[in-house]
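This is the structure I have questions about; it appears just below.
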Amino acid sequence: MNTFKVEILAADRDFYQGPCLSLVIPTIDGQVGIMAGHQSMIFAVAPGELRYTTPDGEEHRAAVSEGLAKVEANDVTLLIDAIELPEEIDLNRARRAADEAREALLQKQSIQEYRTAQANLARAINRLRIRNSYRR
């Protein structure tokens with residue numbers, strides 16, 4: 001069984017450090033799948049669903065926000081602004097955030113404020129999608 005080392009670090013916590021069989025990372029161009037022996041690369045992580053499988057065969061999922069990923073010599077490091085397990089996502093809070101972001105998009109504002117509102121809406125919708133697909 002070929003494994004590689006993964007280190008997933010969020011701004012507020014060390015999320016996971018350990019062996020991994022496979023890893024799927026959301027990017028602006030789609031999903032990137034990583035397995036042992038993957039070529040070296042650095043890329044931007046986009047808001048979406050992160051999936052990884054540990055050597056015991058268990059698949060784990062989490063909602064991630066923006067960040068960076070580095071793959072090098074069977075080591076993968078992810079630096080993420082925020083990461084949440086599906087069961088950690090507060091549905092009411094995520095709904096409020098989506099509503100606030102939608103409202104902000106309707107306001108007259110600068111291009112920067114508009115892009116920030118778009119990013120906030122994307123993150124809220126991602127959190128809702130992942131939380132709603134969670135099976136206890």
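Values quoted throughout were computed directly from the atomic coordinates according to the rules given, and no laboratory measurement underlies them. These numbers come from a predicted model, not from an experiment. When we count neighbours, we look across all protein chains shown, and the Cβ atoms used for this are built from the backbone with ideal geometry, even at glycine.
So, in Å, what gap is there between the alpha-carbon centers of segment 110-125 and segment 1-60?
When both Cα centres are located, 26 Å separates them.
Under 5 Å between amide H atoms, partner at least 5 residues away or on a different chain: which partners does Thr54 have, H built in plane at 1.01 Å?
Counting only residues 5 or more places away or on other chains, the set is Leu21, His60.
Calculate how steeply helix 91-106 sits against the longest principal axis of the alpha-carbon atoms of the chain, using the helix alpha-carbon long axis, and give the answer as 0 to 90 degrees to the nearest 10.
In the chain, helix 91-106 runs at an angle near 60 degrees to the longest axis.
Could you work out the helix-only [θ] at 222 nm for the chain, with each DSSP H run of four or more residues adding -39,500 (n - 2.57) and the total divided by the number of residues, to the nearest 500 deg cm²/dmol?
Counting only the DSSP helices, I get -9500 deg cm²/dmol.
Let me ask something additional. Starting at the first residue of segment 71-84, write each ³J(HN,Hα) from the Karplus equation 6.51 cos²θ - 1.76 cosθ + 1.60 with θ = phi - 60°, in whole Hz, x for Gly and Pro.
Once rounded to whole Hz, the list reads 10, 7, 6, 6, 10, 10, 10, 10, 10, 10, 5, 8, 8, 9.
What residues have an amide H closer than 5 Å to that of Ala46, excluding those fewer than 5 places away on the same chain, when H is modeled at 1.01 Å from N in the peptide plane?
Thr27, Ile28
Can you compute the charge dipole magnitude of the chain about its Cα centre, using +1 on each Lys and Arg Cβ and -1 on each Asp and Glu Cβ, nothing else charged? Give it in debye, rounded to the nearest 20.
Dipole size: approximately 500 debye.
In µm²/s, what is D for the chain at 4 °C and 1.567 mPa s, where D = kT/(6 pi eta Rh) by Stokes-Einstein and Rh is the Kirkwood radius from Cα pairs?
Value of D from the Cα-based Kirkwood radius: 82 µm²/s.
Using +1 at the Cβ of each Lys and Arg and -1 at the Cβ of each Asp and Glu in the chain, identify which of Ile8, Ala104, Thr54 lies farthest towards the dipole's positive end.
Going by the Cα projections, it comes out as Ala104.
Sticking with this one: Contour minus end-to-end for Val24 and Leu79, with contour as 0.36 nm per residue of separation and end-to-end as the Cα-Cα distance?
Length gained between Val24 and Leu79: 18.3 nm.
Under the rule of at least 5 residues apart or a separate chain, name every residue whose amide H is placed under 5 Å from the amide H of Val6.
HN-HN under 5 Å from Val6: Gly18, Cys20, Val76.
Fully extended, how many nm does the chain gain between Lys70 and Gln17 (0.36 nm per residue separation, minus their Cα-Cα distance)?
Contour length minus Cα-Cα distance gives 17.6 nm.
Determine ³J(HN,Hα), in whole Hz, for all residues of segment 7-24 in sequence, where each value follows from phi through the Karplus function 6.51 cos²θ - 1.76 cosθ + 1.60 and θ = phi - 60°; x replaces Gly and Pro.
Each residue's phi maps through the Karplus curve to give 10, 10, 10, 9, 4, 9, 6, 7, 7, 8, 9, x, x, 8, 8, 8, 8, 10 Hz.
Would you mind checking the tilt of helix 111-132 against the longest principal axis of the Cα atoms of the chain, expressed as 0 to 90 degrees and rounded to 10?
The angle comes out at about 60 degrees.
Classify segment 4-84 as rounded, prolate or oblate, taking a ≥ b ≥ c as the square roots of the eigenvalues of its Cα gyration tensor: rounded when a/c is under 1.5, otherwise prolate if a/b is larger than b/c and oblate if not.
Cα axes put segment 4-84 in the rounded bin.
For segment 93-134, how big is Rg over Rh, using alpha carbon atoms and the Kirkwood form of Rh?
Expressed as Rg/Rh, it is 1.05.
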